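Each remark here refers to the structure printed beneath this line.
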């Protein structure tokens, strides 16, 4: 009986030691969360986020939601690359930032896609007075629709009632990225 109690005590101590090592020393939760919320293409994201004055963690959250860091991603609506850019929008933005020529396959290039997407998002932030929620809604549904929603009183110009976004996809998109952005800040700030 004494031998059995000794064996049980040793097993319990071993379990406690493993728990302590995994959750205290290595912080397993943080390790797992960083795998789920990576910072891939860091050089490009940090460079263009700094250049265009956007929080790089927000760009990581957008990329995670848009393509889950898959540079060859293509949506059913023909959005392409890491930041899921529509070709017409990308061509217009590329011209503004003086990228000489851009072709469809360039949108799958991480550097070009992140540069154009980050610049475009910076324009949206300026358009909506740094309101991240409204800028995200416009990134997903377009500035025309967001302008219409504001004009019709569906959502407020200050973005205080984003839960009223009428498109379920856009509503969920904004919520997801705001949530992911918060997680990125907790993990990497």
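Read the figures in this text as sums done on the coordinates, not as results from a lab. Just so it is clear, the model here is predicted, and its values are computed rather than measured. Note: ideal-geometry Cβ built from the backbone for every residue, glycine included; neighbour counts use all protein chains shown.
Residues 107, 9, arranged from fewest to most other Cβ atoms within 10 angstrom of their Cβ, appear as 9, 107.
With only the Cα atoms considered, the stretch 109-189 has a convex hull volume of 106 Å³ per residue. Against the main long axis of the alpha-carbon atoms of the chain, helix 87-96 sits at an angle near 80°.
Computed log10 I(q)/I(0) for the stretch 27-135 at 0.18 Å⁻¹: -0.86, from the Debye equation with unit scatterers placed on every C-alpha and solvent omitted. In the chain, the DSSP-assigned H stretches of four residues or longer account for a calculated mean residue ellipticity at 222 nm of -20000 deg cm²/dmol, using -39500 (n - 2.57) per stretch and the full residue count as denominator.
D by Stokes-Einstein for the chain, Kirkwood Rh over Cα pairs, 25 °C, 0.890 mPa s: 132 µm²/s. Computed from Cα positions, the angle between helix 2-20 and the longest principal axis of the chain comes to roughly 20 degrees. Quick check: the angle from helix 56-67's long axis to the longest principal axis of the chain, C-alpha only, nearest 10 degrees? Tilt relative to the chain: about 90 degrees. Among 15, 114, sorting on how many other beta-carbon atoms sit within 10 Å of each Cβ, with the fewest leading, yields 15, 114.
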